[in-house]
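Notes to accompany the following structure.
The values are calculated or read from the model by the stated rules, or taken from the named source; none is laboratory data. From a predicted model like this one, the values you see are computed outputs, not experimental measurements. Reconstructed Cβ throughout: ideal geometry from the backbone, glycine too, with neighbour counts over all protein chains shown. The area values use the complete protein model at the heavy-atom level, side chains included, leaving out ligands, DNA and RNA. Shrake-Rupley method; radii C 1.70, N 1.55, O 1.52, S 1.80 Å.
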Amino acid sequence: MATISELKNAVRETLESRGVLGQLRARIRAEVFSALDERRDARPSLSRENLLINELIREYLEFNKYRNTASVLTAESGQPEIPLDRQFLATELRVSEDTSSKSVPLLYGLVSHFLNSSDSRGKVLLRGTAVSISAPGHDS
């Protein structure tokens, strides 16, 4: 007959091999963040830019099997639990895709575009955003 210690080890190994243990740990972390955030000032609503950025990051994380990190991002950022439709995301970002680009996250395509750009000056002009920065040292 197996000892309690052996049973614990068997359950832990099974949960780890199925990826469940990591998911549970991530969910606990997300709940801890959520509980701590409840005591802080209310989180500002998600701006359009943050919603899109978070979704690009979530798609990247899930593609690379960083599901635990993605679940913490979703909980901590206030991102909707259900991912945005990829076509909606591409439309919002004014990105057109071919068949091969649809097999990888949009973030890969965006980075590839900038790395392989044949712009003669080699630089892209980034303009300010509608998101206001309220951190110390930044003028709003």
- FRET efficiency, 1/(1 + (r/R0)^6) with R0 41 Å, evaluated for residue 34 and residue 4 via beta carbons: 0.80
- Table column - 3J(HN,Hα) (Hz), segment 21-27, Karplus curve with 6.51, -1.76, 1.60, x for Gly and Pro: 4, x, 5, 5, 4, 5, 5
- Task: Based on the mean of other Cβ atoms within 10 Å per residue, sort peptides 17-25, 62-70 so the most packed one is first.
- Result: 62-70, 17-25
- Task: Report the accessible area of residue 53, computed with a 1.4 Å probe over the heavy atoms of all protein chains in place, in Å² rounded to the nearest 10.
- Result: 90
- Note on the structure: Expressed in angstrom, Rg and Dmax over the Cα atoms of segment 1-118 are 18.9, 69
- Note on the structure: Full extension between residue 86 and residue 103 adds, at 0.36 nm per residue less the Cα distance, a length in nm of 5.0 nm
